[in-house]
1. Could you give the alpha-carbon Rg of the chain over 2.2 N^0.38 Å, rounded to two decimals?
2. Would you please give the FRET efficiency between THR266 and ILE411, computed as 1/(1 + (r/R0)^6) with r the Cβ-Cβ distance and R0 = 41 Å, to the nearest 0.05?
3. Once you charge only the Cβ atoms, +1 for Lys and Arg and -1 for Asp and Glu, what is the size of the charge dipole of segment 1-101 about its Cα centre, to the nearest 20 debye?
4. Decide, for segment 311-398, between rounded, prolate and oblate: order the square roots of the alpha carbon gyration tensor eigenvalues as a ≥ b ≥ c, take rounded if a/c falls under 1.5, and otherwise choose prolate if a/b is larger than b/c, else oblate.
5. Indicate the gyration tensor shape class of segment 1-73 (rounded, prolate or oblate), computed on the Cα atoms with a ≥ b ≥ c the square roots of the eigenvalues: a/c under 1.5 is rounded; otherwise a/b larger than b/c is prolate and the rest oblate.
6. Provide HIS253, HIS292 ordered by accessible surface of protein heavy atoms (probe 1.4 Å), highest first.
7. For labels at MET169 and HIS382 in the simple 7 Å Cα→Cβ model, what's the distance in nm?
8. Within the chain, what is the number of lysine pairs with alpha carbons under 17 Å apart, leaving out pairs fewer than eight places apart on the same chain?
Amino acid sequence: MTIETKANAKTALGVVVACTIGNVVCLTATVSAVFGVFLVPISEDFGWQRSQVTAVLGIISLVSIIAFPVVGRLMDIYGGRKVLLIGNLFFALSVAAVSQVNNNLMNFYLLFALIGIAGAVPCTAMFSKVVSEWFDKRRGLMLGISAGVGNGLGATLMPIIAAILLGYMGWQMSYAVIGFLIFALGFPATYFLLKDAPRPVVTEATNPKYHPNAPSEALEGLTLTEALKSVPFWLIIASLGLGAGCLTAIFSHVIPVLTDRGQSLTIATTVMVVLALVTSGWQVAVGSLLDHIKSPRVAAPSFVVATIGLWLLETGSSTPLLILAGALLGVGLGTAFGALPYFISRYFGLKAYGVITGVIYSVVMLAQGVTPYLMDIWFDAHKAYFGSIVIIGICLLIVAGLIMLFPPYRIKVSAADVAQVNHGGL
């Protein structure tokens, strides 16, 4: 019997709701997604160049590289609920503190570095750890719902809320309200609905290495050191890290790519919205697919599909073709985000899931921060995105090929769990 089959269904589903709400107000939705709304007002108010303001996104990525493994380890030791509650509070306060920023660029950078550290706690990767500990046979689906629906709703609604707030109270007080929303939505959901999954009882008699502050010792899986020595660890980084980085670069450049080709801002924005919505929905779909087809290779075709979407984005002229391009690219990005936590749990288990996830997500964050920058370096040198798009297309095909090299999952759903599914269990 796994944790999931012994868990109360109502409690487990409450955890999914809490994690979904947590993702609605995570760093991606409340900071990254709304940043474009505030970019010009911040630049104009303080007389800073836009590149100086946008640099904070790179700062967030850099500090996240350090913060993710640390937060993951804390989650492994102390459990998710306590860490996430404290993280939500500090993240909300750090975002609200932007309302007090003055015309000092260094202070501005330091504040967003703090946001990056605090935001690494109540983030998608850490919510995925909690969901993975509660669910086994439907893990992919529940990961897709909590991350896909949560991030999708957040990334769609928060920029709209930010734009409305900007019109009424300016960008500084808007950040104060967003900080309040992070706390008002995320903290109660975590406090009342999120529970740490029950774990097998471990004592010094059953495990001589037992330590009371390391509850994850009872769970199956590899340590970080063992994971680092395994082939799947590096395949995950090489494939999904590269895939997420490349597709994130395209996502952030949809509007300039299309407007440079003469498309209207309305059409370009529509394509970007379609890409975002499909990314969200496809995480649910790919999660369910991974649950039912017990092979990691099922994810490979999505990156071939994304390559077709990339070609349509560069060559398509009609609105339907461009919208189709956005949808196909969303399939690839949704697969990258949806498959990543699932692969980690199936190859390395839950014993050190937090710290392993933290390390892998750090690399993915680095890729997501570097690839858009490289696209703009190419544009500055050649005054066009075509060459960088061709390179990204080749990389996506390489990603598909790397996924075909994945070995079978190390940790599988037990026969008892499969029987439980067939009889309508969790």
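The values are calculated or read from the model by the stated rules, or taken from the named source; none is laboratory data. Owing to the predicted nature of the structure, the values given are computational and were not obtained by experimental measurement. FYI the Cβ positions are ideal-geometry reconstructions off the backbone, even for glycines, and counts take in every protein chain you see. Side chains included, ligands, DNA and RNA excluded: accessible areas come from the protein's heavy atoms. Shrake-Rupley method; radii C 1.70, N 1.55, O 1.52, S 1.80 Å.
1. Values: Rg = 21.2 Å, N = 426, 2.2 N^0.38 = 22.0 Å.
In units of the 2.2 N^0.38 Å rule of thumb, it is 0.97.
2. Values: r = 47 Å, r/R0 = 1.16.
Using R0 = 41 Å, I get an efficiency of 0.30.
3. 400 debye
4. Working: a/c = 3.46, a/b = 1.72, b/c = 2.01.
Here segment 311-398 falls in the oblate category.
5. Working: a/c = 6.61, a/b = 2.37, b/c = 2.79.
Oblate is the answer for segment 1-73, as a/c is 1.5 or above yet b/c matches or exceeds a/b.
6. Numbers: HIS253 10, HIS292 145 Å².
Ranked from most to least accessible, the order is HIS292, HIS253.
7. With each label placed 7 Å out from Cα toward Cβ, I get 4.6 nm.
8. 16
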